[in-house]
Every structure is written in structure tokens, then in C-alpha cells.
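All of the numbers you see were taken from the coordinates with simple rules; none came from a lab. Remember, predicted model here, so these are calculated numbers, not experimental data. Counting neighbours? That spans all protein chains shown, and the Cβs are built from the backbone with ideal geometry, glycine included.
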Amino acid sequence: MGLFRCDVHGINPIVALCEHAAAQLDRGALDETESIDMIEACAECSQALRASSSPPDESTDLPHHARCSMCFDLARVRRARAFGEADPFFVYERTLWPIDGDELDELRGLLLRSFTFPVSAMSDTQQPACWVVAGSYAWPTTITVYGIVDTATQDALAALVRSFFAGRTRNQAKVVFVEAMVVDAWRSADGKSHGRSHRRERERVLRVETLA
Ligand SMILES: [Zn+2]
Ligand SMILES: [Zn+2]
């Protein structure tokens with residue numbers, strides 16, 4: 001997935017739009033779109049795509065334009081609200097975004113200085129297994145920590161995160177405590193490493209602490 005550098009939100013995953021939807025988004029008035037083959041298409045383009053005889057498993061050659069996924073999400077929310085409809089997803093109005101890198105780094109630094117984490121099994125660079133990931137309109141800032149299994153230490157970590165956000169307006173966040181990192185290492189018969197893949201679906205979440 002590509003990334004889009006947005007002046008408002010920072011570096012975000014891209015959303016692919018048909019040229020009409022992209023133009024509408026740029027003008028700040030997005031009509032409803034339909035997601036076809038990973039492209040958000042306007043009504044005319046989605047109708048034309050459905051009418052075309054190409055087999056459904058063949059990807060479309062509809063020309064598309066990349067935009068910031070957060071700008072797209074915001075436009076969807078604004079459109080729904082302008083028409084008095086329900087929000088398309090639960091909207092996090094007050095959370096840190098990718099553009100708030102300094103604050104996110106500050107929080108991670110605070111956690112690394114205050115607690116001991118196991119080393120991440122995903123990299124060879126001895127990174128502690130503690131991640132602070134920026135929020136978006138659809139999810140809050142998420143702090144994922146591995147290997148902190150006793151309740152008292154979890155309480156202390158959650159309290160530190162809470163104190164970090166105290167007094168800040170953009171304070172929606174959650175802390176996810178995971179028992180241990182599950183990674184598959186791929187090695188050939190001669191023992192050479194062929195990289196690793198993270199298996200989140202096999203990890204045990206011990207606790208999720210929601211702030212604000
Ligand atoms: Zn279109
Ligand atoms: Zn944006």
C-alpha cells in the first residue's frame with residue numbers, strides 16, 4: 001500500500017479514487033462512492049464498471065488517483081452529517097494523527113524510559129516491543145506493548161499514558177497489552193534466514209485499556 005503525504009494529516013495510507021471522486025474530494029464535496037477493486041468509484045464509473053463484460057476477478061483498468069485516506073474518511077463523515085445520516089463509522093474526533101510525530105515520539109520515549117520491554121522478534125535492531133501508532137478518524141492512537149503480564153505493572157503503564165494525555169484535548173487513545181510476540185521465522189535447510197512474518201492473529205491480548 002502506498003503512502004500519501006498530506007499537509008493536514010501527515011503521511012497516511014493512500015486511497016485510490018476515480019477521477020471524478022478525486023476532483024470532488026479536492027473541491028471538498030464528495031458524493032457517495034462505491035468500492036470496486038480497491039478503487040472508490042463515483043456512481044457513473046461504478047455503473048459503467050458493472051455493465052462492462054470483464055470477468056469479476058480481473059482487476060479493473062479504471063484510471064485512478066491517489067489521495068490521503070484520512071481526507072477521504074473526513075469527507076465521508078461530513079457528507080453523512082450534512083445529509084443527517086448516521087456516521088459511516090465511529091469517529092474519533094480527538095486523537096493524535098501521523099502529523100503529530102513529535103508527541104507520539106515523546107510518548108514512546110517516556111514509556112521506554114519507564115518500563116522494560118522484551119526485544120522485538122521482528123527486527124535485528126534490538127527494538128523494544130512497544131509501539132505507539134498514530135490514530136485516525138476511524139481509530140484512536142494505539143499503544144501496543146508486549147510482555148507486560150502482571151496487573152500492577154500494566155496499571156502503572158496505563159496510568160503513565162493517562163498522565164501523558166491529561167490536559168491535552170486530543171487524548172483519545174488505547175493501550176493494548178499482548179502476552180508475547182508471535183513471529184514465524186523462515187529459514188532454508190542450510191539455516192539461512194529468509195525473514196520473519198508477524199502473526200498477530202496467534203497472539204494473546206491480555207487487556208485493552210481505553211483512555212478518554
Ligand atoms: Zn468516476
Ligand atoms: Zn489528509
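Compared with the alpha-carbon gap, the fully stretched path from residue 27 to residue 204 is longer by 59.2 nm at 0.36 nm per residue. Dipole orientation for the chain: of the candidates 3, 157, 46, 157 has the Cα lying most toward the positive pole (charges on Cβ; Lys, Arg +1; Asp, Glu -1). Think of each Lys and Arg Cβ as +1 and each Asp and Glu Cβ as -1; about the Cα centre, that makes the dipole of the chain roughly 720 debye. Given a 10 angstrom Cα cut-off, can you work out which residue in 145, 182, 161 is the most mobile in a GNM of the chain? Sorting by GNM fluctuation, first place goes to 182. Estimated from helical segments only, the mean residue ellipticity of the chain at 222 nm is -9000 deg cm²/dmol, where each DSSP H run of four or more residues counts as -39500 (n - 2.57). The chymotrypsin sites (Phe, Trp or Tyr not before Pro) of the range 55-119 meeting both criteria, a DSSP state outside H, G, I, E and B (loop) and at most 15 other C-beta atoms within 10 angstrom of the site's C-beta, are 83, 89, 90. Here the peptides 10-19, 147-156 are ranked by packing, the mean other Cβ count within 10 Å, and the order with the highest first is 10-19, 147-156. Counted as membrane-span-like here are DSSP H helices of the chain whose alpha-carbon atoms extend 15 Å or more along the helix's own axis and whose Kyte-Doolittle mean is 0.0 or above; these are 151-165. Return the FRET efficiency for the residue pair residue 150, residue 3: r is the Cβ-Cβ distance, R0 is 35 Å, and the value is rounded to the nearest 0.05. Taking R0 as 35 Å, the efficiency between residue 150 and residue 3 is 0.40.
Here is the short version for the chain: 42, 130 have no other Cys C-beta closer than 4.7 Å. Considering only beta bridges that DSSP places wholly inside the range 98-211, some 70 percent are antiparallel.
For the chain, a Kirkwood radius taken over Cα pairs fed into Stokes-Einstein (4 °C, viscosity 1.567 mPa s) yields D = 65 µm²/s.
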